[in-house]
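What follows is a short report on a single structure.
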Amino acid sequence: MFSTILVPVDGSSASADAFECAVSLAHATGAAVRAMFVVEPFEYDLGGEDDPTRSAARQRGRETLSAVVESATDTDLTVDRDVREGVPYREIVTLARTTADLIVMGTHGPTAKQGLGSTTRRVLDTADTPVLTVPADASIPDDGPDRILVATDGSESASRTADHALELVANVGSAVDVLHVVDETNPALNDSSLPMVELAREGGHDLVEPIRTAARGRDLSVTTAVTCGVPGRVIHSRANDIGAEIIAIGTHGCTTSADQLLGGTAMRVLRQTDRPVLLCR
């Protein structure tokens with residue numbers, strides 16, 4: 001399970017909400033929290049570590065961390081703090097690789113108004129550590145999520161995400177809803193001379209069954225669904241209908257090309273939802 005949760009903080013409202021979500025997960029699972037602030041590289045060499053401008057930037061980082069940590073609702077939680085200098089996504093991924101089991105971060109930083117920020121996107125594309133993205137104003141109950149929606153297409157990325165989601169569900173005692181969406185935009189399904197939709201539905205049941213079996217093996221409350229539609233839209237709608245606090249989905253689906261940073265379905269879910277999303281490569 002998650003023993004240490006890493007939270008990058010940048011002064012944005014989304015990162016503050018991400019920190020609160022991390023605190024809720026830490027409270028529910030017993031994990032430790034480590035907050036970090038990354039001072040981005042300066043355009044010019046400012047004369048070493050003691051340069052006043054560089055020192056002021058590090059001080060702003062410490063103040064930003066303090067403001068977020070001190071606002072946490074769980075005042076008994078001890079939070080380690082790191083101020084680092086470098087390219088943000090690289091520093092986040094590097095620190096997570098050696099110290100964290102989960103990264104919790106805002107979907108976008110202070111320079112982006114909406115959508116997925118460049119740092120979050122790069123972290124999702126390069127981190128081996130699972131990532132929980134948190135949009136502004138999103139939250140998780142103090143005792144952890146009550147229900148998690150796991151969307152799967154049978155890809156390795158989706159399977160790894162499902163494993164982490166089930167581990168979280170097992171630790172907080174919540175319910176899990178497993179979903180496979182038969183993509184109605186697939187041209188192969190338009191051939192009326194073949195029972196392609198029914199075959200696709202049967203294949204979908206084959207994909208959700210291993211996750212259902214794994215959940216039952218942990219004595220978890222689990223439901224499954226296989227439906228047709230546009231995957232991103234259906235996942236978003238299903239999460240709303242069942243009241244899922246977290247959506248779990250792989251970063252890359254079976255049809256994602258090698259040069260894509262994120263799969264199309266993952267991107268659509270991240271753009272549409274107002275809920276935290278758990279993703280694994």
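The values are calculated or read from the model by the stated rules, or taken from the named source; none is laboratory data. Predicted, not measured: the structure shown is a model, and the values here were computed from it. All Cβ positions, glycine included, derive from the backbone under ideal geometry; neighbour counts span all protein chains shown.
Numbers at a glance
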item	result
Checklist (1) surrounded by 16 or more Cβ atoms within 10 Å (Cβ to Cβ); (2) outside any helix (DSSP H, G or I) applied to Ile235, failing item	(2)
Flag if Ala188 is assigned by TED's automatic domain parsing to the domain that holds Ala248 and at pLDDT 95 or above	no
First in segment 83-98 and without any contact (Cβ under 8 Å) to a residue 24 or more places away in the chain, second anywhere and assigned to a loop (DSSP other than H, G, I, E, B) and surrounded by fewer than 19 Cβ atoms within 10 Å (Cβ to Cβ), Cβ under 9 Å, 6 or more apart	Thr94/Gly86
